[in-house]
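Let me begin by presenting the structure, written as C-alpha coordinates, before commenting on it.
The values are calculated or read from the model by the stated rules, or taken from the named source; none is laboratory data. Please read these numbers as outputs of a predicted model, since none were measured by experiment. Virtual Cβ from ideal backbone geometry, glycine too; neighbours counted across all protein chains shown. Only protein heavy atoms, including side chains, enter the accessible area calculation; ligands, DNA and RNA are left aside. Shrake-Rupley method; radii C 1.70, N 1.55, O 1.52, S 1.80 Å.
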Amino acid sequence: MTIALITGSNKGLGKETARRLIAEGHLVYVSARDADAGRAASDELGARFVQLDVTDDASVSAAADTIRREAGGLDVLVNNAGISGGFVPAESLRGEHVDRVLQTNVVGLVRVTQAFLPLLSVSENPVIVNVASGLGSFGLITDPDNPHYSYPSISYSLSKAAVTMYTVQLSKAFPNVKINAVDPGYTATDLNGFRGDQTVEQGAEPIVRMALIGADGPTRTFQGTAGELPW
Ligand code: NAP
(Lines give C-alpha, C1' and ligand atoms only; values in the text may rest on other atoms or scores of the structure.)
Protein backbone atom coordinates (compact mmCIF):
# COMPACT_ATOMS: atom_id res chain seq x y z
CA MET A 1 0.00 0.00 0.00
CA THR A 2 1.33 3.42 -0.90
CA ILE A 3 0.96 6.48 1.29
CA ALA A 4 -0.23 9.73 -0.25
CA LEU A 5 -0.63 13.27 1.07
CA ILE A 6 -2.81 15.81 -0.75
CA THR A 7 -2.71 19.45 0.29
CA GLY A 8 -5.99 21.37 0.32
CA SER A 9 -8.08 18.20 0.08
CA ASN A 10 -11.09 19.20 2.17
CA LYS A 11 -12.96 20.11 -1.04
CA GLY A 12 -12.72 20.53 -4.81
CA LEU A 13 -10.10 18.76 -6.89
CA GLY A 14 -8.02 17.75 -3.87
CA LYS A 15 -10.94 15.96 -2.23
CA GLU A 16 -11.87 14.19 -5.49
CA THR A 17 -8.23 13.12 -5.93
CA ALA A 18 -8.27 11.71 -2.39
CA ARG A 19 -11.46 9.79 -3.15
CA ARG A 20 -9.92 8.24 -6.25
CA LEU A 21 -6.60 7.32 -4.63
CA ILE A 22 -8.45 5.66 -1.74
CA ALA A 23 -10.53 3.71 -4.28
CA GLU A 24 -7.22 2.52 -5.79
CA GLY A 25 -6.19 1.17 -2.38
CA HIS A 26 -3.85 3.94 -1.22
CA LEU A 27 -3.58 5.15 2.33
CA VAL A 28 -4.40 8.84 1.90
CA TYR A 29 -3.76 11.75 4.21
CA VAL A 30 -6.36 14.41 3.55
CA SER A 31 -5.04 17.76 4.72
CA ALA A 32 -6.62 21.13 5.27
CA ARG A 33 -5.84 24.41 6.97
CA ASP A 34 -9.23 24.22 8.69
CA ALA A 35 -9.23 21.15 10.95
CA ASP A 36 -13.04 20.81 11.09
CA ALA A 37 -13.42 20.94 7.31
CA GLY A 38 -10.51 18.53 6.87
CA ARG A 39 -11.80 16.03 9.42
CA ALA A 40 -15.27 16.09 7.85
CA ALA A 41 -13.78 15.27 4.44
CA SER A 42 -11.42 12.59 5.75
CA ASP A 43 -14.23 10.91 7.75
CA GLU A 44 -16.45 10.92 4.67
CA LEU A 45 -13.74 9.42 2.46
CA GLY A 46 -12.12 7.00 4.90
CA ALA A 47 -8.81 8.88 4.88
CA ARG A 48 -6.43 9.95 7.62
CA PHE A 49 -6.24 13.64 8.46
CA VAL A 50 -3.45 16.11 9.16
CA GLN A 51 -3.90 19.83 9.67
CA LEU A 52 -1.70 21.64 7.16
CA ASP A 53 -1.65 25.31 6.21
CA VAL A 54 0.87 25.70 3.39
CA THR A 55 1.64 29.28 4.48
CA ASP A 56 2.61 28.23 8.02
CA ASP A 57 6.01 26.66 8.77
CA ALA A 58 4.95 25.19 12.12
CA SER A 59 1.86 23.58 10.63
CA VAL A 60 3.83 22.04 7.74
CA SER A 61 6.59 20.63 9.95
CA ALA A 62 4.04 19.28 12.45
CA ALA A 63 2.24 17.51 9.57
CA ALA A 64 5.55 16.02 8.37
CA ASP A 65 6.32 14.83 11.92
CA THR A 66 2.89 13.22 12.23
CA ILE A 67 3.15 11.34 8.93
CA ARG A 68 6.74 10.25 9.69
CA ARG A 69 5.64 8.95 13.09
CA GLU A 70 2.41 7.25 11.90
CA ALA A 71 3.38 5.99 8.44
CA GLY A 72 7.19 6.05 8.42
CA GLY A 73 7.41 7.86 5.07
CA LEU A 74 5.51 9.07 2.03
CA ASP A 75 5.17 7.76 -1.54
CA VAL A 76 3.03 10.41 -3.23
CA LEU A 77 2.82 14.14 -2.52
CA VAL A 78 0.09 16.03 -4.38
CA ASN A 79 0.66 19.77 -4.08
CA ASN A 80 -2.91 20.83 -4.78
CA ALA A 81 -3.68 23.71 -2.38
CA GLY A 82 -4.09 26.98 -4.23
CA ILE A 83 -5.99 30.25 -4.45
CA SER A 84 -6.97 32.39 -7.43
CA GLY A 85 -6.36 35.72 -5.69
CA GLY A 86 -9.08 37.27 -7.85
CA PHE A 87 -8.43 38.72 -11.26
CA VAL A 88 -7.07 42.23 -10.70
CA PRO A 89 -6.65 44.14 -14.00
CA ALA A 90 -3.11 45.15 -15.02
CA GLU A 91 -3.86 48.88 -14.48
CA SER A 92 -4.71 48.41 -10.78
CA LEU A 93 -2.40 45.51 -9.93
CA ARG A 94 -0.23 46.14 -6.86
CA GLY A 95 2.57 44.20 -5.22
CA GLU A 96 0.40 42.97 -2.38
CA HIS A 97 -2.06 41.31 -4.80
CA VAL A 98 0.77 39.27 -6.28
CA ASP A 99 2.41 38.62 -2.90
CA ARG A 100 -0.73 37.02 -1.48
CA VAL A 101 -1.08 34.58 -4.36
CA LEU A 102 2.62 33.73 -4.42
CA GLN A 103 2.67 33.07 -0.66
CA THR A 104 0.12 30.26 -1.08
CA ASN A 105 0.64 28.96 -4.61
CA VAL A 106 4.44 29.14 -4.77
CA VAL A 107 6.12 29.73 -1.40
CA GLY A 108 3.62 27.39 0.28
CA LEU A 109 4.11 24.68 -2.33
CA VAL A 110 7.90 24.93 -2.00
CA ARG A 111 7.65 24.89 1.82
CA VAL A 112 5.56 21.69 1.78
CA THR A 113 7.74 19.97 -0.81
CA GLN A 114 11.00 20.72 0.98
CA ALA A 115 9.50 19.50 4.29
CA PHE A 116 8.32 16.22 2.75
CA LEU A 117 11.31 15.37 0.52
CA PRO A 118 13.02 13.51 3.41
CA LEU A 119 9.90 11.36 3.87
CA LEU A 120 9.69 10.72 0.11
CA SER A 121 13.33 9.63 0.09
CA VAL A 122 12.41 6.38 1.90
CA SER A 123 9.90 5.42 -0.82
CA GLU A 124 10.78 2.92 -3.58
CA ASN A 125 8.87 5.03 -6.12
CA PRO A 126 8.55 8.61 -4.85
CA VAL A 127 6.15 10.81 -6.81
CA ILE A 128 5.31 14.50 -6.63
CA VAL A 129 2.38 16.02 -8.53
CA ASN A 130 2.33 19.81 -8.65
CA VAL A 131 -1.08 21.17 -9.55
CA ALA A 132 -0.32 24.06 -11.88
CA SER A 133 -2.64 25.52 -14.56
CA GLY A 134 -2.80 26.11 -18.29
CA LEU A 135 -2.95 29.77 -17.28
CA GLY A 136 0.71 29.40 -16.25
CA SER A 137 1.77 27.89 -19.58
CA PHE A 138 3.79 30.24 -21.82
CA GLY A 139 2.94 27.98 -24.75
CA LEU A 140 -0.83 28.36 -24.26
CA ILE A 141 -0.88 31.98 -23.01
CA THR A 142 1.06 33.27 -26.04
CA ASP A 143 -1.04 31.39 -28.63
CA PRO A 144 -3.80 33.72 -29.92
CA ASP A 145 -5.79 30.69 -31.06
CA ASN A 146 -5.88 29.25 -27.54
CA PRO A 147 -8.68 30.29 -25.10
CA HIS A 148 -6.03 30.89 -22.37
CA TYR A 149 -4.62 33.78 -24.47
CA SER A 150 -7.33 36.25 -23.50
CA TYR A 151 -7.64 35.38 -19.80
CA PRO A 152 -6.28 38.38 -17.79
CA SER A 153 -5.04 36.44 -14.78
CA ILE A 154 -1.72 38.08 -13.97
CA SER A 155 -1.06 37.06 -10.34
CA TYR A 156 -2.48 33.58 -10.74
CA SER A 157 -0.70 32.96 -14.07
CA LEU A 158 2.68 34.04 -12.78
CA SER A 159 2.24 31.90 -9.66
CA LYS A 160 1.48 28.83 -11.77
CA ALA A 161 4.37 29.56 -14.17
CA ALA A 162 6.58 29.53 -11.07
CA VAL A 163 5.12 26.16 -10.08
CA THR A 164 6.07 24.64 -13.43
CA MET A 165 9.58 26.12 -13.25
CA TYR A 166 9.99 24.70 -9.74
CA THR A 167 8.83 21.35 -11.15
CA VAL A 168 11.53 21.46 -13.83
CA GLN A 169 14.34 22.52 -11.49
CA LEU A 170 13.36 20.09 -8.73
CA SER A 171 13.15 17.17 -11.16
CA LYS A 172 16.76 17.88 -12.18
CA ALA A 173 17.92 18.07 -8.57
CA PHE A 174 16.09 14.86 -7.59
CA PRO A 175 16.27 12.44 -10.54
CA ASN A 176 15.07 9.59 -8.33
CA VAL A 177 11.77 11.36 -7.65
CA LYS A 178 9.13 11.53 -10.40
CA ILE A 179 8.04 15.16 -10.41
CA ASN A 180 5.39 16.36 -12.85
CA ALA A 181 3.10 19.35 -13.17
CA VAL A 182 -0.56 19.01 -14.02
CA ASP A 183 -3.31 21.26 -15.41
CA PRO A 184 -6.74 19.99 -14.34
CA GLY A 185 -8.48 22.26 -16.87
CA TYR A 186 -11.32 24.67 -16.15
CA THR A 187 -13.25 22.85 -13.42
CA ALA A 188 -16.31 23.90 -11.42
CA THR A 189 -14.98 24.52 -7.89
CA ASP A 190 -14.99 27.27 -5.23
CA LEU A 191 -11.85 28.67 -6.89
CA ASN A 192 -13.88 30.05 -9.81
CA GLY A 193 -17.34 30.35 -8.24
CA PHE A 194 -18.21 26.96 -9.82
CA ARG A 195 -18.07 28.48 -13.32
CA GLY A 196 -15.66 25.86 -14.70
CA ASP A 197 -17.02 23.71 -17.51
CA GLN A 198 -15.63 20.42 -16.20
CA THR A 199 -16.71 18.34 -13.22
CA VAL A 200 -14.22 17.60 -10.42
CA GLU A 201 -14.24 13.98 -11.66
CA GLN A 202 -12.93 15.20 -15.03
CA GLY A 203 -10.52 17.74 -13.55
CA ALA A 204 -8.99 15.26 -11.10
CA GLU A 205 -8.21 12.77 -13.88
CA PRO A 206 -4.71 14.08 -14.81
CA ILE A 207 -3.84 14.58 -11.12
CA VAL A 208 -4.79 10.98 -10.33
CA ARG A 209 -3.07 9.70 -13.49
CA MET A 210 0.21 11.32 -12.49
CA ALA A 211 -0.14 10.34 -8.82
CA LEU A 212 -0.42 6.70 -9.87
CA ILE A 213 2.59 6.50 -12.21
CA GLY A 214 4.88 3.57 -11.63
CA ALA A 215 8.66 3.28 -11.63
CA ASP A 216 8.67 3.58 -15.45
CA GLY A 217 6.50 6.71 -15.40
CA PRO A 218 7.58 10.12 -16.72
CA THR A 219 9.26 12.93 -14.84
CA ARG A 220 9.60 16.65 -15.74
CA THR A 221 6.40 16.78 -17.83
CA PHE A 222 3.38 19.06 -17.79
CA GLN A 223 0.19 17.05 -18.21
CA GLY A 224 -3.39 18.04 -18.98
CA THR A 225 -6.61 16.11 -19.43
CA ALA A 226 -5.73 15.31 -23.07
CA GLY A 227 -2.03 14.60 -22.59
CA GLU A 228 1.19 16.60 -22.46
CA LEU A 229 1.09 20.43 -22.50
CA PRO A 230 3.69 23.04 -23.47
CA TRP A 231 5.51 24.67 -20.53
P1 NAP B 1 -10.88 24.88 -4.30
O2 NAP B 1 -12.09 24.02 -4.30
O3 NAP B 1 -11.01 26.30 -3.90
O4 NAP B 1 -9.79 24.14 -3.41
C5 NAP B 1 -8.59 24.77 -3.05
C6 NAP B 1 -8.06 24.06 -1.83
O7 NAP B 1 -6.84 24.71 -1.43
C8 NAP B 1 -9.02 24.15 -0.63
O9 NAP B 1 -8.99 22.96 0.09
C10 NAP B 1 -8.41 25.29 0.17
O11 NAP B 1 -8.73 25.25 1.56
C12 NAP B 1 -6.95 24.98 -0.05
N13 NAP B 1 -6.08 26.04 0.41
C14 NAP B 1 -6.08 27.35 0.06
N15 NAP B 1 -5.15 28.01 0.77
C16 NAP B 1 -4.54 27.10 1.57
C17 NAP B 1 -3.51 27.15 2.53
N18 NAP B 1 -2.91 28.30 2.86
N19 NAP B 1 -3.13 26.00 3.15
C20 NAP B 1 -3.75 24.83 2.85
N21 NAP B 1 -4.76 24.71 1.98
C22 NAP B 1 -5.14 25.84 1.35
O23 NAP B 1 -10.21 24.92 -5.75
P24 NAP B 1 -9.75 23.78 -6.77
O25 NAP B 1 -10.19 24.22 -8.11
O26 NAP B 1 -10.09 22.45 -6.27
O27 NAP B 1 -8.16 24.02 -6.72
C28 NAP B 1 -7.23 22.98 -6.52
C29 NAP B 1 -5.98 23.30 -7.33
O30 NAP B 1 -6.30 23.22 -8.74
C31 NAP B 1 -5.42 24.70 -7.12
O32 NAP B 1 -4.01 24.65 -7.06
C33 NAP B 1 -5.86 25.45 -8.37
O34 NAP B 1 -5.03 26.54 -8.66
C35 NAP B 1 -5.77 24.35 -9.39
N36 NAP B 1 -6.53 24.57 -10.62
C37 NAP B 1 -7.86 24.69 -10.59
C38 NAP B 1 -8.55 24.89 -11.78
C39 NAP B 1 -10.03 25.05 -11.81
O40 NAP B 1 -10.57 25.41 -12.87
N41 NAP B 1 -10.74 24.77 -10.70
C42 NAP B 1 -7.85 24.96 -13.01
C43 NAP B 1 -6.46 24.84 -13.00
C44 NAP B 1 -5.82 24.63 -11.80
P45 NAP B 1 -9.93 26.15 2.20
O46 NAP B 1 -11.20 25.35 2.03
O47 NAP B 1 -9.52 26.32 3.62
O48 NAP B 1 -9.97 27.44 1.43
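Couple of notes before you dig in:
- Intensity falloff of the stretch 3-228 expressed as log10 I(q)/I(0), Debye formula with alpha-carbon point scatterers, at q = 0.12 Å⁻¹: -0.59
- Lys/Arg +1, Asp/Glu -1 at C-beta; the stretch 3-228 dipole; positive extreme among Pro184, Ala58, Gly38: Ala58
- Net charge of neighbours whose Cβ lies under 12 Å from the Cβ of Leu27, counting Lys and Arg as +1 and Asp and Glu as -1: -2
- For Thr55, the amide hydrogen comes within under 5 Å of no other amide hydrogen, counting only partners 5 or more places away or on other chains and with H modelled in the peptide plane.
- For the stretch 98-115, Karplus couplings with θ = phi - 60° (6.51, -1.76, 1.60), whole Hz, Gly/Pro x: 5, 4, 4, 5, 5, 4, 7, 6, 10, 4, x, 5, 5, 4, 5, 4, 5, 6
- Karplus-derived 3J(HN,Hα), 6.51/-1.76/1.60, for each residue of the stretch 117-131, Hz, glycine and proline x: 4, x, 6, 5, 5, 8, 7, 6, 9, x, 9, 10, 10, 9, 7
- Amide H contacts under 5 Å for Gln198, placed H, 5+ residues apart: Thr187, Ala188
- Cβ-based net charge around Ala162, under 15 Å, with every Lys or Arg adding one and every Asp or Glu removing one: +1
- Contour excess over end-to-end distance, with Cα ends at Ala226 and Ala90 and 0.36 nm allotted per residue: 45.9 nm
- For the peptides 29-37, 8-16, 218-226, the ranking by mean Cβ contacts within 10 Å, running from highest to lowest, is 8-16, 29-37, 218-226.
- Accessible solvent surface per residue of the chain, calculated while the other protein chains remain in place, 1.4 angstrom probe, Å²: 45 Å²
- Counting only Cβ charges, +1 for Lys and Arg and -1 for Asp and Glu, the dipole size of the chain around its Cα centre is about 320 debye.
- In plain terms, the chain from Ala35 to Asp197 could stretch by 55.4 nm, reckoned as 0.36 nm per residue minus the Cα-Cα distance.
- Against the chain, whose longest principal axis comes from its Cα atoms, helix 200-211 is set at around 60 degrees.
- Rounded to 5, percent antiparallel among DSSP beta bridges of the chain: 10 percent
- Per-residue HN-Hα couplings for the stretch 52-68 [Karplus 6.51, -1.76, 1.60; θ = phi - 60°; Hz; x = Gly/Pro]: 7, 9, 5, 8, 10, 3, 5, 5, 5, 6, 5, 5, 5, 4, 4, 5, 4
- Using the Cβ of Ser171 as centre and a radius below 10 Å, the other residues enclosed give a net charge of +3, where K and R count +1 and D and E count -1.
- Apportionment of accessible area to carbon and sulfur, the stretch 3-228, percent (1.4 Å): 52 percent
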